[in-house]
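The values are calculated or read from the model by the stated rules, or taken from the named source; none is laboratory data. Note that the structure is a prediction, hence the values are computed from the model and not measured. Here the Cβ positions follow ideal geometry from the backbone for every residue, glycine too, while neighbour counts run over all protein chains shown. Heads up: the accessible areas ignore ligands, DNA and RNA and are worked out on the full protein's heavy atoms, side chains in. Shrake-Rupley method; radii C 1.70, N 1.55, O 1.52, S 1.80 Å.
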Amino acid sequence: MNVMHHQCEFKDKKITVMGLGLFGGGVGVSRFLASQGARVTVTDLKGATELAPSIKQLEGLPISFKLGGHCESDFANADMIIINPAVPRNSKFIQIAQNHGVPLNTEMNLFFQLCPAPIIGITGSNGKSTTTTLTARILEQTRRKTWMGGNIGKSLLNSLDEIKPDGIVVVELSSFQLAELRNIKKSPHISVLTNLSPNHLDRHGDMDDYIYAKKGIIAHQTLADYTILNYDDPELRRWERERKGRVLWYSARQPVREGVFIKGNSMVIAIDGVSTDVPGLSEVKLPGVHNLQNIFAASCAAYLAGARRPHIEKEIMAFTGLEHRLEFVREVAGVQYFNDSKATTPESAIAAISAFQSPVILIAGGSDKGSSFEAFADACVKHTRSVILIGKTAQKIKGLIQGKKDTRETPAISTPETFKDAFMQAHQTAQAGEVVLLSPACASYDMFTNYEDRGRQFKEMSLAL
């Protein structure tokens, strides 16, 4: 299916893109629709100064901008509305569009409708970016042309005319993107679930709603499709009876009949009676059992898409992880500094804290997404020597840790005013053989532009020591 075929689909249509954002989705879909001859209006509550980096990428295209607020007529008189994931579903402007019978769509839905190649879709509360990147890197070792994008920050719409049916596409999918995919009744050919824990409840209302959204990744699979599930996750184990595709399991704790598991120092991939051993797990550079699970998930997905032992072995040995995800920054005077700014949920931070054998000096806290910090406080008491808390959640987390540590001396808890003070405190407290870890368990919006900004500041301070 060549892009020329859908030219007529969008030509001269009045399309409103609601929410430009700074992370690529809004820019990608606006550019694509403009290239297809649509009459595009981009509208966002933020103003032009704040959105400058995104607007610059759309320079010279026939797009009209309505910034700093929305205008009703852009929703009532359009042929289609494209909603950015950040837009709340109960927005009165979406209501206006629906009252006027204007169809709603998303950047990812358009891609699923138009993509000629099979899609590997990866979701989960934590680990999805690592798993997505590793899957794509393994597949790049094969002869198959590989494309990566989605929630990881790259829109693939503008690559559609280069994507051929014999290629393979790897996309990271958020719960919001999955909730919308249900509306067009599409699921990926190979679906991977890393784990499920309460997340984004500020948006989804409750855990059932969140799980329902995530189940969109398997809801419209067929018998010809595959579902790859984490056997170590009790919620995912319950999904077996709901899937339509063929299920493969992976586990870092026990052997599975079909899928991926550990045997000695090897990873075993057992599919269709064929068993492949990939040796050398102890040389893997990513710390923590959760990263082994990510590696197993990626290897399984890549194997189904044609990767074999040499491709898998080469990549999992070389892979050092992603920026801001348990990223080793440097060692100073025997202290190791790790940037895990991407840990915006308690579960993700728990995985990081428990990944180390050495005593941990933890910097955590941030804006509140409505998560429960009970289990996180438990992990702090168990695995850290000192916890330095910043941001809106600092007092709440401090109270929980104090309640759980009882009369124990560790962890010491402090709540400095600024991020810089927190860092200097961690640096002064840490002794040789210990780890200074930024793993916030919270979003960053109360003090930073985003988690990348937070991570960069941590790295700059570490490198300046």
| Contact order relative to length of the stretch 137-279, as percent, for alpha carbon pairs under 8 angstrom and 6 or more apart | 14
| message | For mean projected area of the Cα convex hull in nm², one of (i) 20.4; (ii) 22.8; (iii) 27.6 was computed from the structure I shared and the rest are decoys. Which label? | response | (ii)
| In nm, to one decimal, how far is the residue 274 label point from the residue 12 one, both placed 7 Å along Cα→Cβ? | 5.3
| Cut-off under 5 Å, modelled amide H: who pairs with residue 84 long-range | 18
| remark: Amide H proximity to residue 65 below 5 Å, modelled H, separation 5+ or other chain, gives 42
| How big is the gap, in Å, between the Cα center of the stretch 407-450 and the Cα center of the stretch 259-290? | 35
| message | Explain nothing, just the number: relative contact order of the chain, from Cα pairs under 8 Å at least 6 residues apart, as a whole percent. | response | 11
| note | DSSP beta bridges in the chain: the antiparallel percent, rounded to 5, is 25
| For the stretch 238-339, what is the accessible area per residue in Å², given a 1.4 Å probe and the full set of protein chains? | 44
| request: Only bridges with both residues in the stretch 334-420 count here: give the DSSP antiparallel percent, nearest 5. | output: 0
| query | Where in the stretch 428-458 does the amide nitrogen come within less than 17 Å of the point 7 Å from the Cα of residue 332, taken along Cα to Cβ? | reply | 428-439, 455-458
| task | Sequence neighbours fewer than 8 away in the same chain don't count; with that in mind, list the lysines whose C-alpha is under 26 Å from residue 214. | result | 92, 128, 154, 185, 186, 244, 342, 369
| task | Collect residues whose amide H, placed 1.01 Å from N in the peptide plane, falls under 5 Å from the amide H of residue 335; neighbours closer than 5 in sequence don't count. | result | 433
| request: Just subtract the alpha-carbon distance of residue 322 and residue 258 from 0.36 nm times their residue separation and send over the number in nm, one decimal. | output: 20.2 nm
